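First the structure, in the form of structure tokens, and then the observations on it.
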Amino acid sequence: MSTETVATQLAIKLKAEKLIGFCSLQGISDKNGNILSELSPNEAEKYIAELEKQPKNHSDILHFLYSAIKACKQGVRRSI
């Protein structure tokens, strides 16, 4: 079980206001390299679909986004 899974489950069970995640990058960026300040769960799912098409391994970002989406869909208001 990953740390993201544990943190996500705890945030959901505790009805946390937000889930704070860490990854190796300085944030999630758009195609132009601009850091995105906000993503809805639907936008995050589209972002994941684009990342999965790329040959580069983005596993840390993908784990974070999957966890953030799950948390938000289950009542955690924010995931950063």
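Where a number appears in this text, it was derived from the coordinates with a stated rule and is not lab data. The structure presented is a predicted model; accordingly, all values stated were derived computationally and were not measured. All Cβ positions, glycine included, derive from the backbone under ideal geometry; neighbour counts span all protein chains shown.
Here are the numbers for the structure shown:
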quantity: Which of Asp60, Asp30 has the fewest Cβ neighbours within 10 Å, and the rest in rising order; calculated: Asp30, Asp60
quantity: Cα-based Rg of the chain normalised by 2.2 N^0.38 Å, two decimals; calculated: 1.06
quantity: Two-site label geometry, Asn32 and Ser59: point separation in nm, points 7 Å out along Cα→Cβ; calculated: 3.3
quantity: Within straight-line cross-link reach of Lys53, lysines at Cα separation under 22 Å, skipping those fewer than 8 residues along the same chain; calculated: Lys31, Lys70
quantity: Ranked Cys23, Cys72, criterion: other C-beta atoms within 10 Å, fewest first; calculated: Cys23, Cys72
quantity: Rounded tilt (10° steps) of 41-53 against the dominant C-alpha axis of the chain; calculated: 40
quantity: Value of relative contact order over the chain, rounded to a whole percent, pairs C-alpha under 8 Å and six or more apart; calculated: 49
